[in-house]
1. For segment 104-133, which residues satisfy the criterion of being in a helix (DSSP H, G or I), in contact with a strand residue (DSSP E or B) (Cβ under 6 Å, 6 or more places away or on another chain) and crowded, with 16+ Cβ neighbours inside 10 Å?
2. Please determine, by comparing only the residues of segment 208-225 that are surrounded by 14 or more Cβ atoms within 10 Å (Cβ to Cβ) and more than 10 Å from A185 (Cα to Cα), which one is modelled with the lowest pLDDT.
3. For segment 84-96, what are the residues that are free of Cβ contacts under 8 Å to residues at least 60 places away in the same chain and surrounded by 14 or more Cβ atoms within 10 Å (Cβ to Cβ)?
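The values are calculated or read from the model by the stated rules, or taken from the named source; none is laboratory data. Here the structure is a predicted model, which is why all the values come from computation and not from measurement. A quick note on method: Cβ atoms are made from the backbone with ideal geometry, for glycine too, and the neighbour counts reach across all protein chains shown.
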Amino acid sequence: MNADQDSTTHPDEPREFRCKREIFWWGIFSASVAFAFAIVSTLAALWNIDGSFTRPLLAAAVMGGFWSFIGLGGVWMIAASVYERLYVSRDCIRMTDVFRSRAMKLDELNHARWRRLRGNLVLRDAAGRVVVHFANYAQRLELIQLLRDRIDRGLQEDWDEFASQFLRSRDEARRDARRAFRLYAAVLFAFAAVFAYVAIANRPDERGYLLIVGVNVAGGIACLLWARREPEVDAGRRPPPLK
């Protein structure tokens, strides 16, 4: 018996929501690239082949620490995608993440605020709060509708603003994603231009700058290709109305 059948047969069973699979793969990508840069930059500073670092140990510590910090962010994304769960039943909501689990009785809530700019829901009771980040979940529209229906409407604040800002069709989300990747590409190309100027105009013997130029150009091209891979949008498709 699959999950949908079980949910239909036993309506009181809690509904489980997991993180989107994309978060796991983004974590893998971020951790791999960041730790690779950490190793390369640390070794380049320690070896100081061209003598450009006056304090190689300090440069190695700063660059290695910076990229390692970013790599740990990727590791966190991987762990969150594996361990984070959200369970919603008729009378309770429970969130489990990497380090803890927190449960709330829906009839004991004293505050529920829909935050449109951040795209999340803040729930409060006498013991504390739980924040539901809808962008983390693949079935976000279903989750939003479920929480909208099961939480006392009198406790809910800013629903209309949230719905107008965050409830977009899949096609609108794809359009926004393409714009974001084009913006990332523009930023990377701008960085490449700056480092190219430094390498060619001011210090033509610095091969390290040219390597940075190549990495930024490659990243910009990758972002443009990723933006182009999305299918054409259908402007007529909209999500089901949420009341």
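1. If the condition is that a residue be in a helix (DSSP H, G or I), in contact with a strand residue (DSSP E or B) (Cβ under 6 Å, 6 or more places away or on another chain) and crowded, with 16+ Cβ neighbours inside 10 Å, then no residue fits.
2. Going residue by residue through segment 208-225, those that are surrounded by 14 or more Cβ atoms within 10 Å (Cβ to Cβ) are 208-213, 215-217, 219-220, 222-224.
Then drop every residue that is not more than 10 Å from A185 (Cα to Cα), which leaves 208-213, 215.
Numbers: G208: 63, Y209: 67, L210: 70, L211: 72, I212: 73, V213: 76, V215: 77.
The residue in question is G208.
3. I93, M95, T96
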